[in-house]
Amino acid sequence: LLAGASLTADQIQAAARTAAAESRPIDDAKGSAWYRRHMVEVLVRRALTSLGGGA
């Protein structure tokens, strides 16, 4: 998805959504699967943005 591509805001968002969709988190007392999947999206977006993308 990102190989050889510049990090645009749209590509970062697409990568974050793909990562969340592909994740298979569990439900337990510390957090729901929905919350964990959401956090995958948030953290991937933050990580890629911190690499200088999304400008």
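The values are calculated or read from the model by the stated rules, or taken from the named source; none is laboratory data. Remember, predicted model here, so these are calculated numbers, not experimental data. Reconstructed Cβ throughout: ideal geometry from the backbone, glycine too, with neighbour counts over all protein chains shown.
Looking across L48, L1, L7, one residue alone is assigned to a helix (DSSP H, G or I) and at pLDDT below 95. It is L48. Taking first residues from segment 24-44 that are closer than 24 Å to A9 by Cα and partners that are of a type outside the set (A, V, I, L, M, F, W, C) and surrounded by 12 or more Cβ atoms within 10 Å (Cβ to Cβ), the Cβ contacts under 7 Å between residues at least 6 apart in sequence or on separate chains come to R36/P25; R37/S23; R37/P25; V40/S23; E41/R17.
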